[in-house]
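Let me begin by presenting the structure, written as structure tokens, before commenting on it.
The values are calculated or read from the model by the stated rules, or taken from the named source; none is laboratory data. The structure presented is a predicted model; accordingly, all values stated were derived computationally and were not measured. Cβ placement follows ideal geometry from the backbone for every residue including glycine, while neighbour counts extend to all protein chains displayed. These accessible areas exclude ligands, DNA and RNA; they are computed on the full protein's heavy atoms, side chains included. Shrake-Rupley method; radii C 1.70, N 1.55, O 1.52, S 1.80 Å.
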Amino acid sequence: MVLLDGKKTSNAIKDEIASQVSSLVASGEKKPHLAAVIVGNDGASLTYVASKVKACERVGFESTLVKLPETISEKELLHTILQLNTNPKIDGYIVQLPLPKHIDEQNILLAIDPKKDVDGFHPVNVGRMALDLPTFLPATPYGIMELLERYDVETSGKNVLVIGRSHIVGRPMSILMSQKRKSGNATVTIAHSHTKQLSTLTKTADIIVAALGIPEFLTGDMVKNDVTIIDVGITRVADNTKPKGYYITGDVHFDSVSKKASYITPVPGGVGPMTIAMLLKNTLLARNRHAN
Ligand code: GUN
């Protein structure tokens, strides 16, 4: 069994980005600048955004954190978005999801300038991805594709099962892995809450992308030998015996599934760190596109 080490791989990618930033700075050019907007005080979202800002420091980017109260109106948030769109110092930005219920997420995503949409969530960028045109790939799927590529996991002609059809992970993964591209050319099935006899599908899959958000859902008895497992889940499970009062687990029951797998991502340390590295990569791309 090979562990798909997202921490190690993301560090290698960050080193590559840092060296490109050093070259830019050495030639007197502007550093890439990422902004992150966070609304409210959700603990997990605050942690993710803090990690994104910290990663910017690590590679030599400028970063701006825009922290807004839970009670902000949609109109006020749209105003912030328009300011970020027109601020020439900001190369790219993200609005951390989920947003509070009184704000229409699609309205916000539509307002982001597609050229600064380093999360790749704007309909223009989603459409460009589906058509295989140059775009910002959403960071989590992009990170998974990169991990598969760097570990030489064969995907061509393989049966891939994506569990979960979210706009952020499941849907784009199903599109990317079926495309004619590196880590693509797979025969993809997408499963969701209405899927019947899921375990029949999991038992025949060569590669499973678990992105349904149910902790330790996929167990060893549901998979075949030599399966490749990509675990996208990150759930905080309350546990008073842990120093933080919780532990982090994925959508895969690691102990039982890893015994049968040929490749598997751990949680934490698998897909999560890759997401951050690819967000940085998209920001560098945005900066280079603006400069040209
Ligand atoms: N919430 C969960 N994942 C993501 C992500 O990749 N980007 C943003 N903006 N919000 C998220």
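Taking only the C-alpha atoms of the stretch 28-91, the Rg (one decimal) and the largest Cα-Cα distance, Dmax (whole number), read 12.9, 42 Å. Based on the reciprocal of the average 1/r between different C-alpha atoms, the Kirkwood radius for the stretch 2-65 equals 13.2 Å. Debye-formula intensities of the stretch 201-292, expressed as log10 I(q)/I(0) at q = 0.18, 0.19 Å⁻¹, are -0.80, -0.85 (one equal scatterer per alpha-carbon, no solvent). Over the chain, the pair-distance histogram of Cα-Cα distances with 10 Å bins from zero comes to 6, 27, 34, 24, 8, 1 percent, rounded to whole numbers.
Go ahead and run the numbers for FRET between residue 154 and residue 246, Cβ-Cβ distance against an R0 of 30 Å, rounding to 0.05. Don't skip to the answer; put the middle values down first.
Values: r = 37 Å, r/R0 = 1.22.
Rounded to the nearest 0.05, the efficiency is 0.25.
Loop-located trypsin sites (Lys or Arg not before Pro) across the stretch 68-172 with a Cβ neighbour count of 10 or fewer within 10 Å are 89, 101, with loop assigned by DSSP. Between the beta carbons of residue 288 and residue 189, assuming R0 = 30 Å, the FRET efficiency works out to 0.25 to the nearest 0.05.
In terms of its Cα atoms, the stretch 1-111 spans 45, 41, 21 Å along the principal axes, sorted from long to short.
Estimated from the Cβ-Cβ distance and a Förster radius of 25 angstrom, the FRET efficiency linking residue 238 and residue 200 is about 0.15. With all protein chains in place and ligands, DNA and RNA left out, the 1.4 Å accessible area ranks 271, 66 as 66, 271, largest first. At q = 0.21 Å⁻¹, what is the log10 ratio I(q)/I(0) for the stretch 87-216, with the Debye formula run over Cα points and no solvent? For the requested q values the scattering log ratios are -1.26. In the structure shown, the pairs 203/242; 31/75; 75/116 are assessed against 23 Å; a Cα-Cα span above that value is assigned to 203/242; 31/75. Residue order by solvent-accessible surface for 142, 93, 247 is 247, 142, 93, largest first, with ligands and nucleic acids left out and a 1.4 Å probe. Applying the Karplus relation 6.51 cos²θ - 1.76 cosθ + 1.60 with θ = phi - 60° to the stretch 281-292 yields 3J(HN,Hα) values of 4, 5, 5, 4, 4, 4, 4, 5, 5, 5, 6, 8 Hz, where x marks Gly and Pro. The accessible-area ordering, largest first, of the residues 154, 146 stands as 154, 146, per a 1.4 angstrom probe. Would you mind checking 8/281; 14/281; 14/180; 67/115 for any pair whose Cα atoms are more than 19 angstrom apart? In this structure, 14/180; 67/115 exceed 19 Å between Cα atoms.
Whole-Hz Karplus values for the stretch 136-141 come out as 9, 6, x, 4, 5, x Hz, taken residue by residue from phi with 6.51 cos²θ - 1.76 cosθ + 1.60 and θ = phi - 60°; glycine and proline positions read x. On full extension, the segment bounded by residue 45 and residue 115 gains 22.8 nm, given 0.36 nm per residue less the C-alpha separation. Between residue 219 and residue 83, the simple spin-label model (points 7 angstrom out along Cα→Cβ) gives 5.1 nm. The figure for residue 70 is an accessible area of roughly 100 square angstrom, using a 1.4 Å probe on the protein chains alone. Scanning residues 5 or more positions from residue 37 or on other chains, those with amide H under 5 Å from its amide H are 66, 94, 95, 96, with H placed 1.01 Å from N in the peptide plane.
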